[in-house]
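**Q** Please see the structure below; I have some questions.
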Amino acid sequence: MKQKDWEGSARPVKLLLFFGVLAALCIIGILFPRPTESEVEKRKLTEFPAFSWESFWSGKWFSGIDTWYADTYPLREVLIAGNKVVQSLYGIRSHVIVGGETQGEEIPDVDGNQGELPTLPQEDPEQKNDEPPRDGNVNADGEMISGIYVSDNVGYGLYYFVQQNSDWYAAILNEMNTRLAGKAQLYSLVAPINGGVLLSDSLQKELHISDQRESIRYIYSRMAAEIQGVEVFDTLREHVDEYIYFHTDHHWTALGAYYAYTQYAKAAGLTPHTLDQFEQVEFPDFLGTYYSVSGITSLGSNPDTVVAYKPMGTNKMKMTMADGATYDWFVVNDVSGYGSSMKYGAFAGGDQPYSVVENPEITDGSACLVIKDSYGNALIPYLVDHYQYLYWIDFRYYKGSIYDLVAEKNIQDVLVLQQIYNTGDNGALKKLQALAER
Amino acid sequence: MVFSSLLFVFLFLALNLVSQAALRGVRQKNIAMLIFSLVFFSWAGPRYVVLLLLDTALCWFFAIRIERDPTHKKRHLWLCTALLLVVLGIFKYTGFLLGNLQSLFGWPEIIPEIVLPIGISFYTFQLISYVVDVYRGEVRAQKKYWILLLYASLFHQCIAGPIVRYRDVAQDLAKRQVHAEEVSRGVSRFTVGLAKKAVLANSVAVLADRWLPMTAEGLAAIPTAGLWLGGLCYMLQIYLDFSAYSDMAIGMGLMCGFHYKENFNYPYIASSVTDFWRRWHISLSTFFRDYVYIPLGGNRRGKGRQLLNLFIVWGLTGLWHGASWNYVLWGLYFFLFLVIEKFLLGEKLQKIPAVLRHIFLLIIVYFCWVIFRFRDAAALGMALRGLFGGGAAAAGMAVGLSLKNNIFLLLVACIACTPLTANLWQRWKAAAQGDGVFAGNRLLRGAATVWEVIHPVLLLLLAAMALAGDSYNPFLYFQF
C-alpha cells in the first residue's frame, strides 16, 4: 500500500537508531570507567553505597545506587553541558535571577545606643538558611551562594540580611576578642560581595536584596569596642568602574582586595604600598563559580582574567594540608596550566588549613594571623610585606586552637576576614564558633 | 525507582527490553517480566514487596473460591475486598484517622508514623477490580498465582497508573504478539513521555516551587503576581508529570506487546467539568464509576440517592489521592461543580459560548490545583489570600524576570497540554503520504521521514541531558 510505504520504510531505521543508541548508552553505563570527582562542580561524586541489611530492607541502599549511577555516569558532564544549552533557550535570559530568597530582613538602625552585646548561642539556634540548597542556591568551595543575578553576562551574588545570624557572627568575634585580650589586637573585615557594591542602590531595592553597607555597619556595631572593624564598602564603591570583582565568579579580584587592604592598613597603622611596587602577573580565561555552578551559559562568553600582584619581600610560603603534610608553595602561584575553573587558586595556595610566610626582609618580629575564607586569599599577598611572619588559616579546615597559635608565635595582629555570606550562613557560623571556642 | 532516571532508562529498561526480545515464548517472557517488576518494586524497599505478595495471594485465593463456590460468592467478594481495603486503610489512613481523633478528643497522644508502601493505592485498586470482575463473571479467575502477581506488579503501571483492569491485559498475559508497527508507536510514545517529564514537567516544577512554596511562611513572602505564576506552573506541572507517566507506561507496554488504555485526553481543553473528568485520569474515574457509583445504584434510584452517590464517589476520589482533608475538599469541589452542571444548568450549559466555557473550566481547574497542593490549612489560606491581593509582599522585579527568563518554556508547556502538535504531526504525515493539499510533496515527505526516524533519539537525548544534572525529580503521585 502506497499509504504506509514511507512510514513502513522509515520504521526499521527508526527502531534501529533508537535501540542502537539506547544499547550504546546502556553499555557505556556498564563498561566505561566512572569518574570520582567533578572538577566543574568542585566536589567528590557519590560513591557506590555500602551494603547493610537495614539499608537493603528500607530501600536506602537502592536509592543510593540510583544516585550513584546518575552522579557518576561517564557521559554526565557532556549531558549537563548540553542541558545548560537547552535551559538557555527557555526564555529571554539577558537578565536572570537564579535562586535567591524573596527578601532579606530589615536591618536595625545602628545609630544610638549599642545596647547589650550579643553572646554565643548555647544550644543550636533555630535553623535559618539551613534548608537544602534550592536550584540556584549552590554550594561552591564549601561556601553558600544564596542566589545570582545575571545581567549582560556578569554575575552578581545576592545577599539577604538575617539579624539573628549577624548577631551570632558578632558574638563569635566578641568571644575571640575576650580570649585574646591583652595578647593580640583583633581586626574584623567583612567583605561585601559584588552584588552589593556594583549594583545601584535602586536596582538592589527592586531585587529585594539587602543593603550590604548597612548590614556590615550593623555587624560592626554589635562588636565589642576593642575590635577594629575595617570598613571597605565605601572604598570599593569609589572604584566601581574598575575591575574589582570577577564577572563569572563570586570572589573579588586582586584589585578589589587591594582597595580593601588599604583600609586594613589604615586601621592597623601601616602604610599601604602602591600597586606599581608589585610585579604583576596575569592568567586569562578564568570561568568561575557563577559560570560553573549556576548553569548560566551566557557567562561563558565573558571570561575573566586573574590579575595578581606578587609580594616584594618573598613569594615563598609553606602550606600544611589536611593530612598534616607540609609543602613549599607560592603566595602567588602560576596557574596558567590549570583548568579554567581553578584560576582563583593562584592566590595564597587556595584553601588549606594552615599556611606561613616568613619575609626575610623584615626583622622586627612582627607577626599577623589571618582567619580567612576564600575571599582572604586575594588580600593576603599584600600583607606579606608588612610582617616578618604571616600566618593564615582557613576557618573551615583548621583544626587547632588559634589562641595557642597566637601565644606560640607571638602574634600581635589577628585579622578575621570573611565575605558577607559567611555572616549569614549557619554552617559557616557553626564552624567559626567552634574555632572561637577551641 | 522512577521512570525518569538514568538508571531506569539506561540500565533497567534496556535490560528488560533485551529480555523480552531475546526470550522465546510467553512463559519465559512473563517470568522475566515478573522478576524485573519485583526488582523494580523492591527498589523502594523490599519489605513492601511482602505486602504486594500478600494482597495478591488473598485475591488469587478468593477469586478461585468465587468461581468454585458461587453460592457464597458474595461473601467471598466482601471478605476479600474488605481485607484489601483494611490493609490500604492501615498503611495509608491510620495517621489521618488518628490525627483527626486527636484534634477532636485529644486522644491518642502519639500518632505512629507509618511509611506508605509504594504503589499500594494502584495495585490495591487493580486487585479489587480483578476480584469484582471475576465475581461478575466478566473474566475467568487466574489459576496461577505468579501470573496474577505479574498483573499486579507489572512495573509499567504499578507505581503511577494507569489503573489497568485484569480483563484488559488477560489476553496479553496469555499470548503476546509484538508487531513492529506497535513497537514503533511505543518507542515514540515512551520518548515523548520521557521528554515531557524530564524536560517540561521538571522545569516548570522548579518554577512552581519557587513561586508557590509549600509553607505559609514562604508564601507570605511572595508577591501576588508571583503566586499566580506559581499556580500556573503547578497546574502545568501536575498534568505534564502525570500524563507523562501514563505516556511512558503505554509506550513501554506497546514495546512488549501490552495494550493499556489511554489515561489522559488533553484535559485542559475540556469545555466543562464533566468533560474534564472524561479526560483526566480516566482509569481512576472509570474505576469509581464501575466499582463504586454503579454498585451504589448510580442514577437509578432517584435524584436524592444519585446526589448521595456522587457525594460519596467524589469524596472517596479525593481521599484516594492522599490522607489529608484538602484532598477530600478537592474531590468535593468537583462534586459541587458537577452537580451544578448536571442538575442546575443542564441543557443551558451548551448555550454558553464555547470560549467562555473553556475559560471557566480553566479557572475552576486552576483553583482545584491550589487546593490540591496544600495539605496544611494555614498554607492554603495564605495562598488563597495572597492570590486575591491580600499578599503582604511588595512586587519586585523578580516575578517579571522569572516570567521573561522562562517564557518559551511556559509556551511550549502550554502547547504540550493541547493536541496542537499531535494534530500538526498527523497532518504532516498525511501530506507526506499523499493526502490533502500538499500531497506527495517531496520535501515534506523527506522532512517527515527524517523527523519520524530521529525524534525518539532526539527526545531521549534531551531527556538524558535534563536528568543528568537534575537532582530534582519528584513524582507527585509517588505517595501512592
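**Q** Given the conditions (1) within 11 Å of chain A (Cβ to nearest Cβ); (2) assigned to a helix (DSSP H, G or I); (3) at pLDDT below 90, report the number of the one that B:LYS73 does not fulfil.
**A** Against the list (1) within 11 Å of chain A (Cβ to nearest Cβ); (2) assigned to a helix (DSSP H, G or I); (3) at pLDDT below 90, B:LYS73 comes up short only on (1).
**Q** Looking only at the stretch B:102-113, decide whether some residue is within 14 Å of chain A (Cβ to nearest Cβ) and either open to solvent by 70 Å² or more (accessible area, probe 1.4 Å) or not aliphatic (A, V, I, L, M) (or both). Quick ask: steps written out before the conclusion?
**A** Here is the first cut: in the stretch B:102-113, the residues within 14 Å of chain A (Cβ to nearest Cβ) are B:113.
Now restrict to residues that are either open to solvent by 70 Å² or more (accessible area, probe 1.4 Å) or not aliphatic (A, V, I, L, M) (or both): B:113.
The answer is yes; a qualifying residue exists.
**Q** Could you tell me which of the residues B:ILE111, B:ILE118 is aliphatic (A, V, I, L, M) and free of Cβ contacts under 8 Å to residues at least 60 places away in the same chain?
**A** On the way: B:ILE118 fails: free of Cβ contacts under 8 Å to residues at least 60 places away in the same chain.
Unique residue meeting the criteria: B:ILE111.
**Q** Which one of B:SER188, B:SER184 is in contact (Cβ under 8 Å) with a residue 60 or more places away in the chain and of a type in the set (Gly, Ala, Ser)?
**A** On the way: B:SER184 fails: in contact (Cβ under 8 Å) with a residue 60 or more places away in the chain.
Answer to the selection: B:SER188.
**Q** Would you say B:ALA44 is in contact (Cβ under 8 Å) with a residue 24 or more places away in the chain, outside any helix (DSSP H, G or I) and among the hydrophobic types (A, V, I, L, M, F, W, C)?
**A** Details: in contact (Cβ under 8 Å) with a residue 24 or more places away in the chain: yes; outside any helix (DSSP H, G or I): yes; among the hydrophobic types (A, V, I, L, M, F, W, C): yes.
In short, yes.
**Q** Something else about it: Mind listing whichever residues of the stretch B:49-62 are touching a Leu at 6+ places or on another chain (Cβ under 9 Å) and under 14 Å from B:ALA152 (Cα atoms)? Write out each step before concluding.
**A** Going residue by residue through the stretch B:49-62, those that are touching a Leu at 6+ places or on another chain (Cβ under 9 Å) are B:49, B:52-53, B:55-60, B:62.
Those that are touching a Leu at 6+ places or on another chain (Cβ under 9 Å) and under 14 Å from B:ALA152 (Cα atoms): B:VAL49, B:LEU52, B:LEU53, B:ASP55, B:THR56, B:ALA57, B:LEU58, B:CYS59, B:TRP60.
**Q** Additional query: So for the stretch A:238-245 (the condition being under 25 Å from A:GLN433 (Cβ atoms), at pLDDT 90 or above and within 20 Å of the chain's Cα centre (by Cα)), does at least one residue qualify?
**A** If we filter the stretch A:238-245 for residues that are under 25 Å from A:GLN433 (Cβ atoms), which is where we start, we get none.
No: zero hits.
**Q** Another question, then. Please find, among B:ALA225, B:ALA208, B:ALA174, B:ALA198, the residue that is open to solvent by 10 Å² or more (accessible area, probe 1.4 Å) and more than 27 Å from B:VAL49 (Cα to Cα).
**A** Exactly one of B:ALA225, B:ALA208, B:ALA174, B:ALA198 is open to solvent by 10 Å² or more (accessible area, probe 1.4 Å) and more than 27 Å from B:VAL49 (Cα to Cα), namely B:ALA225.
**Q** Is at least one residue of the stretch B:448-458 at pLDDT below 90 and open to solvent by 20 Å² or more (accessible area, probe 1.4 Å)?
**A** Start the filter on the stretch B:448-458 by keeping residues that are at pLDDT below 90, which leaves B:448-449.
Narrowing the set further to residues that are open to solvent by 20 Å² or more (accessible area, probe 1.4 Å) leaves B:449.
Scanning the stretch B:448-458, I find at least one residue that is at pLDDT below 90 and open to solvent by 20 Å² or more (accessible area, probe 1.4 Å), so the answer is yes.
**Q** Another question, if that's okay. Only residues that are part of a helix (DSSP H, G or I) and out of contact with any Pro (no Cβ under 9 Å at 6 or more places or on another chain): list them for the stretch B:93-113, please. Step through it out loud before you land on a result.
**A** Going residue by residue through the stretch B:93-113, those that are part of a helix (DSSP H, G or I) are B:93-105.
Across the stretch B:93-113, the qualifying residues are B:TYR93, B:PHE96, B:LEU97, B:GLY99, B:ASN100, B:SER103, B:LEU104, B:PHE105.
**Q** Assess whether B:ALA170 counts as being outside any loop (DSSP other than H, G, I, E, B) and in contact (Cβ under 8 Å) with a residue 12 or more places away in the chain. Give the derivation first.
**A** Numbers: outside any loop (DSSP other than H, G, I, E, B): yes; in contact (Cβ under 8 Å) with a residue 12 or more places away in the chain: yes.
Taking the combined requirement at face value, the residue satisfies it.
**Q** Working only within the stretch B:317-348, note down all residues that are more than 26 Å from B:SER271 (Cβ to Cβ) and open to solvent by 70 Å² or more (accessible area, probe 1.4 Å). Talk me through it step by step, then tell me what you get.
**A** Looking only at the stretch B:317-348, we keep the residues that are more than 26 Å from B:SER271 (Cβ to Cβ), and these are B:319, B:322-326, B:328.
Scanning the stretch B:317-348 gives a single hit, B:TRP325.
**Q** Still on this model: State all residues of the stretch B:396-420 that are farther than 13 Å from B:VAL204 by Cα, more than 7 Å from chain A (Cβ to nearest Cβ) and in a helix (DSSP H, G or I); if no residue qualifies, say none.
**A** Residues satisfying the conditions are B:VAL399, B:GLY400, B:ILE415, B:LEU420.
**Q** Only residues that are part of a helix (DSSP H, G or I), of a type outside the set (A, V, I, L, M, F, W, C), out of contact with any Lys or Arg (no Cβ under 9 Å at 6 or more places or on another chain) and open to solvent by 20 Å² or more (accessible area, probe 1.4 Å): list them for the stretch B:119-147, please.
**A** Matches in the stretch B:119-147: B:TYR145 only.
**Q** Tell me, please, whether a residue that is more than 19 Å from the chain's Cα centre (by Cα) and of a type in the set (A, V, I, L, M, F, W, C) can be found in the stretch A:294-309.
**A** The answer is no; no qualifying residue exists.
**Q** Scan the stretch A:383-397 and tell me whether some residue there is more than 21 Å from A:LEU255 (Cβ to Cβ), open to solvent by 20 Å² or more (accessible area, probe 1.4 Å) and of a type in the set (Lys, Arg).
**A** First, the residues of the stretch A:383-397 that are more than 21 Å from A:LEU255 (Cβ to Cβ): A:387-389, A:391, A:393-397.
Adding the requirement that they be open to solvent by 20 Å² or more (accessible area, probe 1.4 Å) leaves A:388-389, A:397.
Filter once more, keeping what is of a type in the set (Lys, Arg): none.
No, the stretch A:383-397 contains no residue that is more than 21 Å from A:LEU255 (Cβ to Cβ), open to solvent by 20 Å² or more (accessible area, probe 1.4 Å) and of a type in the set (Lys, Arg).
**Q** Another one. State yes or no: is B:ARG385 basic (Lys, Arg) and buried (at least 19 other Cβ atoms within 10 Å of the Cβ)?
**A** On the way: basic (Lys, Arg): yes; buried (at least 19 other Cβ atoms within 10 Å of the Cβ): no.
In short, no.
**Q** Considering only the stretch A:10-21, I want to know if a residue exists there that is modelled with pLDDT under 85 and either in contact with a strand residue (DSSP E or B) (Cβ under 9 Å, 6 or more places away or on another chain) or at the interface with chain B (Cβ under 10 Å from one of its Cβ atoms) (or both).
**A** First pass over the stretch A:10-21, keeping only residues modelled with pLDDT under 85: none.
So far as the stretch A:10-21 goes, no, none of its residues is modelled with pLDDT under 85 and either in contact with a strand residue (DSSP E or B) (Cβ under 9 Å, 6 or more places away or on another chain) or at the interface with chain B (Cβ under 10 Å from one of its Cβ atoms) (or both).
**Q** Regarding B:VAL9, is this residue surrounded by fewer than 21 Cβ atoms within 10 Å (Cβ to Cβ), within 14 Å of chain A (Cβ to nearest Cβ) and not small (Gly, Ala, Ser)? Can you show your working first?
**A** Details: surrounded by fewer than 21 Cβ atoms within 10 Å (Cβ to Cβ): no; within 14 Å of chain A (Cβ to nearest Cβ): yes; not small (Gly, Ala, Ser): yes.
No; evaluated as a whole, the condition is false for this residue.
**Q** Go through (1) part of a helix (DSSP H, G or I); (2) open to solvent by 50 Å² or more (accessible area, probe 1.4 Å) for B:LYS429 and report which single condition fails.
**A** In the conditions (1) part of a helix (DSSP H, G or I); (2) open to solvent by 50 Å² or more (accessible area, probe 1.4 Å), B:LYS429 misses (2) alone.
**Q** When you scan the stretch A:230-239, do you find a residue that is assigned to a loop (DSSP other than H, G, I, E, B) and among the acidic types (Asp, Glu), even just one? Steps first, answer last, please.
**A** Step one: filter the stretch A:230-239 for residues assigned to a loop (DSSP other than H, G, I, E, B), giving A:230-232, A:239.
Right, trim to among the acidic types (Asp, Glu) and you get A:231.
The answer is yes, given that some residue of the stretch A:230-239 is assigned to a loop (DSSP other than H, G, I, E, B) and among the acidic types (Asp, Glu).
**Q** Now for a different question. Considering only residues of the stretch A:30-59 that are at the interface with chain B (Cβ under 8 Å from one of its Cβ atoms) and at pLDDT below 90, which is most open to solvent (accessible area, probe 1.4 Å)? Explain how you work it out, then say what you get.
**A** First, the residues of the stretch A:30-59 that are at the interface with chain B (Cβ under 8 Å from one of its Cβ atoms): A:30, A:56-59.
Narrowing further to those that are at pLDDT below 90: A:56-59.
Numbers: A:PHE56: 47, A:TRP57: 117, A:SER58: 30, A:GLY59: 6 Å².
Out of the qualifying residues, it is A:TRP57.
**Q** Kindly provide the set of residues from the stretch B:293-313 that are closer than 16 Å to B:PHE125 by Cα and surrounded by 16 or more Cβ atoms within 10 Å (Cβ to Cβ), ordered by number.
**A** Passing the criteria: B:TYR293, B:VAL313.
**Q** Further, regarding this structure: Picking from A:GLN263, A:GLN228, A:GLN277, which residue would you name as being surrounded by fewer than 16 Cβ atoms within 10 Å (Cβ to Cβ), polar (S, T, N, Q) and under 23 Å from A:HIS386 (Cβ atoms)?
**A** Numbers: A:GLN263 fails: surrounded by fewer than 16 Cβ atoms within 10 Å (Cβ to Cβ); A:GLN228 fails: surrounded by fewer than 16 Cβ atoms within 10 Å (Cβ to Cβ).
Unique residue meeting the criteria: A:GLN277.
**Q** Moving on. Restricting to the stretch A:65-107, and then to whatever is polar (S, T, N, Q), facing chain B (nearest Cβ under 7 Å) and in a loop (DSSP other than H, G, I, E, B), can you tell me which residue is least open to solvent (accessible area, probe 1.4 Å)?
**A** A:THR102
**Q** So in the stretch A:191-229, with the set limited to residues that are of a type in the set (Gly, Ala, Ser) and closer than 23 Å to A:HIS239 by Cα, which one is nearest to the other protein chains (Cβ to nearest Cβ)? Explain how you work it out, then say what you get.
**A** Quick first cut of the stretch A:191-229, residues of a type in the set (Gly, Ala, Ser) only: A:191, A:195-196, A:200, A:202, A:210, A:215, A:221, A:224-225, A:229.
From the residues that got through so far, the ones that are closer than 23 Å to A:HIS239 by Cα too are A:191, A:195-196, A:200, A:202, A:210, A:215, A:229.
Working: A:ALA191: 25, A:GLY195: 14, A:GLY196: 17, A:SER200: 13, A:SER202: 11, A:SER210: 13, A:SER215: 18, A:GLY229: 31 Å.
It comes out as A:SER202.
The values are calculated or read from the model by the stated rules, or taken from the named source; none is laboratory data. On a predicted model such as this, the values are computed, not experimentally measured, just so you know. Positions of Cβ are backbone-derived with ideal geometry, glycine not excepted, and every protein chain shown enters the neighbour counts. Ligands, DNA and RNA are excluded from the accessible area calculation, which covers all protein heavy atoms including side chains. Shrake-Rupley method; radii C 1.70, N 1.55, O 1.52, S 1.80 Å.
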